[in-house]
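A.B. asks: The structure's right below; bear with me while I get my questions together.
The values are calculated or read from the model by the stated rules, or taken from the named source; none is laboratory data. Because the structure is a prediction, the values reported are computed rather than measured. A quick note on method: Cβ atoms are made from the backbone with ideal geometry, for glycine too, and the neighbour counts reach across all protein chains shown. We work out accessible area using only protein heavy atoms, side chains counted, and drop any ligands, DNA or RNA first. Shrake-Rupley method; radii C 1.70, N 1.55, O 1.52, S 1.80 Å.
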Amino acid sequence: MKWKEDNSDTETISRESPFRSFFGGGFECSTHRLRNGNRLDLVASTHHEKFALPDYQRLKKQNLRVAREGLRWHLVEHTRGRYDFSTALPIVRAARATGTQVIWDLCHFGWPDHLDIFKPEFVSALGSYGAAFAKWLKHETDEPAFFVPVNEISYFSWAAADEGSVFPFVTGRGFELKTQLVGAAIHSMESIWSVLPTARFVHVDPVIHVVAALKRPEDRPDAEAYRLSQFQAWDMLSGRLWPELGGHEKYLDVVGANFYPHNQWFYNLKGFQQIRKFTPVPRRHPSYRPFREMLTELYQRYHRPLFIAETGSENRIRAGWLRYVCGETRAAIESGVPVRGMCLYPILNHPGWNDGRHCYNGLWDYPNSNGQRQIYEPLARELKHWQKVFENGGLPMDETAETMEIARA
């Protein structure tokens with residue numbers, strides 16, 4: 001966001017979106033290691049690295065003028081302190097050729113093998129790498145720069161260091177990892193600002209709703225405590241929680257909310273161990289929380305512009321899921337919540353993380369040898385309908401800009 005140069009202590013949330021279109025597409029870019037030691041590379045396995053230009057031309061044809069991409073840090077910094085951004089060049093060129101705005105993930109679940117994510121060196125390494133990329137990007141494009149320093153801090157901390165289902169597969173260290181990643185994100189923002197003072201940041205995490213099963217009322221306090229933990233990374237970044245990390249309101253720019261069909265479930269833990277099968281709350285269940293309420297809570301907590309950074313589903317329910325999310329988003333906007341965009345994620349079908357199965361969860365399928373991808377027409381039709389609603393004047397907007405208090409640095 002643009003900080004005022006005068007001595008005022010207030011700033012307005014502009015009604016003008018920072019994004020080129022309301023809808024965008026996100027390219028799956030996870031690069032973490034599996035238990036068998038193999039490293040994922042979804043940019044390669046979806047052939048997006050090979051067909052970046054036609055992929056971006058497809059985005060443009062569907063009026064998706066915003067993309068989420070991930071740098072593959074392990075390829076960029078194969079040797080400690082030496083950076084090679086050649087793997088990002090095809091994407092930068094494709095975005096430039098099509099006039100597409102890119103939001104870059106610096107760390108999307110993967111990092112170079114020479115780094116230990118729990119050590120202090122990880123913090124400085126993310127900052128140095130972020131600054132090096134910002135400097136390189138400044139010479140490649142004049143487009144405004146958007147970054148996600150660390151993707152899904154709260155989710156990743158739980159999965160990698162509490163549940164232990166994602167590399168580095170440890171348990172009982174989730175909060176420790178969360179503080180480490182917040183510190184690394186803050187350091188990377190300062191490093192990037194030193195090169196690109198106008199850089200903007202999106203901080204992405206899932207929004208969730210966790211409830212006790214009706215037959216287990218004794219779980220209600222723990223379920224609510226777990227639900228509230230979704231806010232910890234954003235609270236740390238803004239200095240509300242663990243201020244010794246250096247958090248400050250200035251670090252919380254755009255709040256990115258990820259929302260999928262499995263983001264609401266019945267509490268099933270004892271400590272960090274699952275003691276019951278994961279059971280999502282059905283949308284028609286009385287405990288299911290409308291997405292509009294989750295967006296409203298997020299905005300009321302932080303008073304920042306919101307971006308639905310990931311949403312999507314699989315198979316035949318893809319179009320219906322988008323219909324639900326868009327309807328709820330429209331209701332939230334009409335009530336005064338500044339949702340500035342929505343990213344269909346993933347935009348391409350991809351192999352499953354652990355089993356390699358063909359996941360039918362995108363707008364386009366695997367490519368043929370010429371780079372052509374078949375579009376999933378039901379989702380394309382649903383998208384076109386909501387583009388008319390959100391982007392062509394079909395949505396009434398509150399004319400009154402919200403004002404938020406910002407403590408000056």
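A.B. asks: Within straight cross-link reach of Lys178, meaning Cα distance under 17 Å, which lysines are found once same-chain residues fewer than 8 apart are removed?
C.D. replies: Result set, ordered by chain and number: Lys119.
A.B. asks: Here's something else I'd like to know. Relative contact order, percent, of segment 69-153 when contacts are C-alpha pairs under 8 Å separated by at least 6 residues?
C.D. replies: Reported as a whole number, the value is 40 percent.
A.B. asks: Looking at segment 1-140, what % of the alpha carbon pairs are farther apart than 23 Å?
C.D. replies: 45 percent
A.B. asks: Just subtract the alpha-carbon distance of Arg82 and Gln300 from 0.36 nm times their residue separation and send over the number in nm, one decimal.
C.D. replies: Between Arg82 and Gln300, full extension yields an extra 74.2 nm.
A.B. asks: What figure, in Å² to the nearest 10, do you get for the accessible area of His47 with a 1.4 Å probe and non-protein molecules left out?
C.D. replies: Solvent-accessible area, nearest 10 Å²: 80 Å².
A.B. asks: So, one more: In the chain, carbon and sulfur make up what percent of the accessible area (probe 1.4 Å)?
C.D. replies: 50 percent
A.B. asks: For the chain, give the magnitude of the charge dipole about the Cα centre (Cβ charges: +1 Lys/Arg, -1 Asp/Glu; no others), in debye to the nearest 20.
C.D. replies: The calculated dipole for the chain is roughly 1200 debye.
A.B. asks: Sticking with this structure for a sec: Lys277: which lysines have alpha carbons under 16 Å from its alpha carbon, excluding same-chain residues fewer than 8 sequence positions away?
C.D. replies: Counting by Cα, and skipping residues close in sequence, Lys277 has these lysines nearby: Lys215.
A.B. asks: Assuming R0 = 25 Å, can you tell me the calculated FRET efficiency for the pair Tyr288 and Trp353, based on Cβ-Cβ distance, to the nearest 0.05?
C.D. replies: With R0 = 25 Å, the Cβ-Cβ based efficiency is 0.40.
A.B. asks: Mean residue ellipticity at 222 nm from the helices of the chain, using -39,500 (n - 2.57) per DSSP H segment of n ≥ 4 over the full residue count, to the nearest 500 deg cm²/dmol?
C.D. replies: After summing the helix terms and dividing by the residues of the chain, the value is -10500 deg cm²/dmol.
A.B. asks: Also, quick follow-up: How much length would be gained if the chain were fully extended between Lys388 and Thr171, taking 0.36 nm per residue of separation minus their Cα-Cα distance, in nm to one decimal?
C.D. replies: 73.5 nm
A.B. asks: So what's the chain giving for Cα Rg divided by 2.2 N^0.38 Å, two decimals?
C.D. replies: Computed over Cα atoms of the chain, the ratio equals 0.94.
A.B. asks: Moving to a separate point now. Taking 7 Å along the Cα-to-C-beta vector as the label spot, tell me the Trp242-Ala331 distance in nanometres, rounded to one decimal.
C.D. replies: 3.5 nm
A.B. asks: Once whole DSSP H runs in the chain are found, which of them have Cα atoms spread over 30 Å or more along the helix axis and a mean Kyte-Doolittle score of at least -1.0?
C.D. replies: The qualifying helices are 120-140, 174-195.
A.B. asks: Can I ask one more? Over the chain, what is the relative contact order in percent, taking alpha-carbon pairs closer than 8 angstrom and at least six residues apart?
C.D. replies: 18 percent
A.B. asks: As I understand it, the dipole of segment 84-198 uses +1 on the Cβ of Lys and Arg and -1 on the Cβ of Asp and Glu, about the Cα centre. Which of Trp136, Tyr155, Ile117 lies farthest toward its positive end?
C.D. replies: Value: Trp136.
A.B. asks: Lysines near Lys60 by alpha-carbon distance under 29 Å, same-chain residues fewer than 8 away left out - which ones?
C.D. replies: Lys2, Lys50, Lys135, Lys138, Lys384, Lys388
A.B. asks: Seen from all sides and averaged, what is the projected area of the convex hull of the Cα atoms in segment 226-315, in nm²?
C.D. replies: 7.5 nm²
A.B. asks: Additional query: Based on the Kirkwood radius over alpha-carbon pairs, what value in µm²/s does the Stokes-Einstein equation return for the translational diffusion coefficient of segment 326-395 at 4 °C and 1.567 mPa s?
C.D. replies: So the translational diffusion coefficient is about 92 µm²/s.
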